[in-house]
There are 2 protein chains.
Amino acid sequence: MGEIAYKIAVRGRAGIRDVAEAAGVSVATVSRALNKPDSVTPVLRARVTDAARRLGYLGNGAARALASRRSGAMGALVPTLDNPIFAACIDAFQQRLDAHGISLLVASAGYDAAAETRGLRTLLQRGVDGILLVGAAHEPETWALLPPDLPAVVTWMHRAEGCALPCIGFDNAAAAARITRHLLALGHRRIGMIAGLARGNDRAAARIDGVRAALAEAGLTLAPPLLAERAYSVAEGSAAMAALLALPDPPTAVVCGNDHLAFGALVAARRAGLAVPADLSVTGFDDLDFLAHGDPPLTTVHVPAAEMGRRAADHLAALAAGKEPPPPAELEAPVVLRGTTAPPARRRATPRRARA
Amino acid sequence: MGEIAYKIAVRGRAGIRDVAEAAGVSVATVSRALNKPDSVTPVLRARVTDAARRLGYLGNGAARALASRRSGAMGALVPTLDNPIFAACIDAFQQRLDAHGISLLVASAGYDAAAETRGLRTLLQRGVDGILLVGAAHEPETWALLPPDLPAVVTWMHRAEGCALPCIGFDNAAAAARITRHLLALGHRRIGMIAGLARGNDRAAARIDGVRAALAEAGLTLAPPLLAERAYSVAEGSAAMAALLALPDPPTAVVCGNDHLAFGALVAARRAGLAVPADLSVTGFDDLDFLAHGDPPLTTVHVPAAEMGRRAADHLAALAAGKEPPPPAELEAPVVLRGTTAPPARRRATPRRARA
DNA sequence: TTCGCTCCTGAAAACGCTTACAGAGCCCGC
DNA sequence: GCGGGCTCTGTAAGCGTTTTCAGGAGCGAA
C-alpha cells in the first residue's frame, strides 16, 4: 500500500493497475467492478471500490473512450449561448445528461455557417456519442459531416422536411399563426412583422410562414416594408420598429420573431411616444422571464426550452445506449396573453402621430 | 485507393493508417504533417493533407488524448447557465477557446456543493487541460480534487484570500461600495439591501461587504431586516422588496445583489404603487441588456462577463501550452447610472420624522 | 571521392482502459 | 464419488494516436 502510494505520487494520478494491486485483483476485475458492478462478487466489488476510493482513483476518460469506443459525452451545436433561451435549453440538457452520467461538449456557431461546420467537426473529433442540433437548416457540408449512424436530434422544431432525424420541439409556424390570430381577433388589420433573419434559419422562416398563413385566412398579406427581417437583437428590433412607425401608414400591431426583437420594438414605440398596447400592439416569441414581468408584460409565445433540453438528453441517452427512445411528441408552445396587445386604437384623426 | 476506401467503409471512419497508406507514408509522418506541419517536407505535407481531406479523416480525439496526455479540452464549472450573465461569459469563453483550437466541456453545479464536486470529478475524468471556476468559495472536497498542477483560473473575482489560483475578474466589494456611495451621495440614508445567498458564494458575500463598507463611511450600518439574503431570482427579489416595504420604516433606496433581484424589486415596488426612482431608488448588479432598456432603465454595476470569459480562455490556453500567461489584471466593473436612482423623496407626511 | 553533419522519415513502444476468451473453482445431481 | 455445467476471475489483445529513437539520405567540405 505504501509502495503503491509511492508509485502514484511519482506518476501523478492513480491508475487502474494501482487499484488492482491495492485490491489484490486483476485490472479486468477492477474495470468490471466499477463499470458493471453486478458482474462481480459483492465482496470483491467492495474491495475494489474501497481501494479506488482510498487511492482517489478517477479513471482516464481518454483511455476508456478509446477502449470502449464510447466517449460518454454528447455534443450540443447551438447558434449561441448568449441568448437566454438557448442557455436555458442547454442548461437543462446538461443537467439531464448529468443524470445519465454523460458529459456535455458545447460548440456555438454564432449563426455562422462555416463556424457551424467547424464546430461539428470538433465535436466529431472528440468522439461525442450523440449530437443536439438546433433546427434542421444546415449547410450541406455540415450534413455531410454527420455520420448517418450517430445519434442526433433536431430541437426547436416539431418536424423538418426531408430530415430523417428525430425532432424534439414545437410547431413554430402554428405558434406564430396562433399569436397572429389573436391580433386579428382583436380587430387588427394592419399587422407588421419584425422577423429574424430567415436565411439559414428555418425556425425564423417558419414563424414568418405562420404569420403569413394566419394573415391569409383574413385575406391579408405580409410583405416588406411591413415585413422586416432583422438579426435577433434588441437594437435591431428597435431600429425595425422605428422604420415601421415611419411608414406613411404604420401597422397597428407588430408580431416579432423573438422576445429580443419585441423588446427592442417596445423601446422604440415608447421612444416614439406611443402607448403599448393602447396605440400599438406588440407580440414576442420565446417568453423570457424578464419580459413576463415588464411594464407592460409582453404577450408572447412560450418556448419550452428547458423541456426540449431534457427530452433531447433522454432521447440521445437512450439512442446511445441502444435502447428504444421515447417517441418524440410535439411540445406545446402556447400563446401567453399579457399586456402588450389590445384592440387597435380608434382611427386617428390624422394619419400621423401627434408626437414623435 | 479503392482498396482503402473499402476498408474505411467497413470500419466506418478513416484512421491515420488509412491516410498513411493513401499518402504512401508512415503513420508517424501523417501525425507530424498534421500536428506540426513545419517538421515535414512541404511536398510530403501536401500529400498527407491531401489524402486526409480525400478520405475525410478527422482523427480520434480519445486516442490522441491518450497518447499525448492532453485532451485539448477545457472545463467550465459554473453555477448555472440559466443566468444570462454566466451564459454570456461561457459563450465568450467557448468562442475564444475555439480560436485556440480547444473544446469546451461544461458542468453546471446549480449552486449545489455536491453537484459541484461531482461536476469537477467528471471534468477531471474527461481529462480537461484546464478549468474555469467561478469564485473561490468551494467545498474542501472540491479543492482537494483539483490537481495542484492543473491549470485553473478563478473568475468573477479580482483576488481571493488564501487561494493561489490566478483570478480573472473584478472587485465585487469595491463595485458594490461604489454604487452604494452613489446612493449616499444622492442623499439616501435609509438604505436596504437585497443580497444573494452569501453562504458558499464569495461574490455575493463580497457585495454585501462592499455595501456595508460604504455605509460605514457614512456612519450607517446594514443588518436584517434591512439586509435580506435571497436566492438570485426575480420572484425572490419581489418577495424581498415586498417585505422591505412592509417595514414600519422602509428604506428609500435598495441595492440589490444582482439584476434579477433588482428587477423583482422593481416589480414589487410598482405593485405597491411606488414610483421608481421618485419614491424609491433601486440598483442592480450585472447589467443585463434587457434591464438597460427597461422602464425605467436600471442603474446597475456592469459586470464584464464576456471579457472574463475571453481572458480566462487566453490564460488557460497559455498555461496549458506551457507559455507564460498574461498577468491577470483587475477588470473594470463600472457603475452605470440610469433611471432607477434619484434623491430620496421628501419626507413623507405619515412616518415620524427621520433623524437629520 | 569520401567523411561527417544535418534533416527527415519510419519502426515500434507506449498511453490506460475494456473486453473477448479461456481457465479455475464450485455446486449439484446422478 | 465423480462429471457436467455455471459462475467468476485473470490473461492478453487491442483501441488509434503520439513520440522516441535510430537509420538513411543528401549535402558540403576536405
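Would you please give the residues with an amide H less than 5 Å from that of A:SER103, counting only those at least 5 places away or on a separate chain, with H modeled from the backbone geometry?
Under 5 Å from the amide H of A:SER103: A:ALA73, A:MET74.
Given B:PRO343, A:MET308, A:SER108, which one lies farthest toward the positive end of the charge dipole of the protein assembly as shown, if we put +1 on the Cβ of every Lys and Arg and -1 on the Cβ of every Asp and Glu?
Checked the options; the winner is B:PRO343.
Using a 10 angstrom cutoff on alpha carbons, build the Gaussian network for chain A and name the most mobile of A:ALA33, A:ALA160, A:ALA88.
Result for chain A, Cα springs under 10 Å: A:ALA33 fluctuates most.
Quick one: angle between helix B:259-271 and the longest Cα principal axis of chain B, in degrees between 0 and 90, rounded to 10, please.
40
Any idea how far apart B:ARG271 and A:THR221 come out in nm if each label point goes 7 Å out from Cα toward Cβ?
Once both label points are built, they end up 4.8 nm from each other.
What length, rounded to one decimal in nm, is gained on full extension from B:ALA164 through to B:SER26, with 0.36 nm per residue of separation minus their alpha-carbon distance?
45.2 nm
Output the 0 to 90 degree angle, nearest 10, between the alpha-carbon long axis of helix B:234-245 and the longest principal axis computed from the alpha carbons of chain B.
Approximately 20 degrees, to the nearest 10.
Would you kindly derive the ³J(HN,Hα) couplings of the range A:149-155 from the backbone phi angles with the Karplus curve 6.51 cos²θ - 1.76 cosθ + 1.60 (θ = phi - 60°), listing them in order in whole Hz, with x for Gly and Pro?
Once θ is set to phi - 60°, the couplings for the range A:149-155 become 9, 7, x, 7, 10, 9, 9 Hz.
R0 = 41 Å: FRET efficiency of B:THR41 with A:TYR111, Cβ-based, nearest 0.05?
0.50
What dipole magnitude, in Debye to the nearest 20, does the protein assembly as shown give about its Cα centre under +1 on Lys/Arg Cβ and -1 on Asp/Glu Cβ?
Approximately 440 debye in magnitude.
Give me the accessible area per residue for chain A, probe 1.4 Å, as a whole number in Å².
Averaged over the residues of chain A, the accessible area is 43 Å².
Quick query: amide H of B:VAL336 versus all other amide H atoms, modeled in the peptide plane; which residues come in under 5 Å with a sequence gap of 5 or more or a different chain?
B:THR300, B:VAL301, B:HIS302
Tell me, what % of the accessible area of chain A is carbon and sulfur with a 1.4 angstrom probe?
54
Can you list the copy-to-copy distances for B:ASP112, using a point 7 angstrom from Cα toward Cβ, in nanometres, shortest first?
3.6
Can you give the FRET efficiency to the nearest 0.05 for B:ASP149 and A:ALA242, using r as the Cβ-Cβ distance and R₀ = 51 Å?
The value I calculate is 0.35.
Using a label point 7 angstrom from Cα along Cα-to-C-beta, what distances in nm, from shortest up, separate B:PRO37 from the other copies?
5.1
Could you give, in nm with one decimal, how far A:LEU247 is from each other copy of that position, shortest first, with labels 7 Å out from Cα toward Cβ?
Here the equivalent label points are 5.1 nm apart from this one.
Under 5 Å between amide hydrogens, which residues at least 5 positions from A:ILE168 or on another chain qualify, with H placed 1.01 Å from N in the peptide plane?
Close amide H contacts, sequence-distant or interchain: A:VAL154, A:THR155, A:TRP156, A:MET157.
Evaluate the Kirkwood expression for the hydrodynamic radius of the range A:211-282, namely the inverse of the mean inverse distance over all pairs of different C-alpha atoms, and round to one decimal in Å.
Kirkwood hydrodynamic radius for the range A:211-282: 12.2 Å.
For chain B, what's the relative contact order in percent, using C-alpha pairs closer than 8 Å and at least 6 residues apart?
So the answer I get is 15 percent.
Would you mind checking the tilt of helix A:305-320 against the longest principal axis of the Cα atoms of chain A, expressed as 0 to 90 degrees and rounded to 10?
40
Report the Cα-based extents of chain B along its three principal axes, largest first, to the nearest Å.
93, 39, 34
For a quick check, take a GNM of chain B with Cα springs below 10 Å and name the residue from B:THR155, B:THR283, B:THR41 with the largest mean-square fluctuation.
Comparing B:THR155, B:THR283, B:THR41 in a Gaussian network model of chain B, the most mobile one is B:THR41.
Residues with beta-carbon under 9 Å from that of A:ILE194, excluding A:ILE194: net charge, scoring Lys, Arg +1 and Asp, Glu -1?
Surrounding charge for A:ILE194 is -1.
With charges only on Cβ, +1 for K and R and -1 for D and E, what is the dipole size of the range B:172-301 about its Cα centre, in debye, rounded to 20?
Charge dipole, the range B:172-301, about its Cα centre: 280 debye, nearest 20.
For chain B, set up a Gaussian network in which alpha carbons nearer than 10 Å are linked by springs, and say which option among B:ILE168, B:ILE16, B:ILE102 fluctuates the most.
Comparing B:ILE168, B:ILE16, B:ILE102 in the GNM, the peak value goes to B:ILE16.
Stretch A:ALA63-A:ALA278 to full length: gain in nm at 0.36 nm per residue minus the Cα-Cα span?
71.0 nm
Could you state how much accessible area is buried at the A-B interface, both sides summed, with a 1.4 Å probe, in Å² to the nearest 100?
Chain pair A/B: roughly 4100 Å² of buried accessible area.
The values are calculated or read from the model by the stated rules, or taken from the named source; none is laboratory data. Just so it is clear, the model here is predicted, and its values are computed rather than measured. All Cβ positions, even for glycine, are placed from backbone atoms using ideal geometry, and neighbour counts span all protein chains on display. Accessible surface areas use protein heavy atoms only, side chains included; no ligands, DNA or RNA. Shrake-Rupley method; radii C 1.70, N 1.55, O 1.52, S 1.80 Å.
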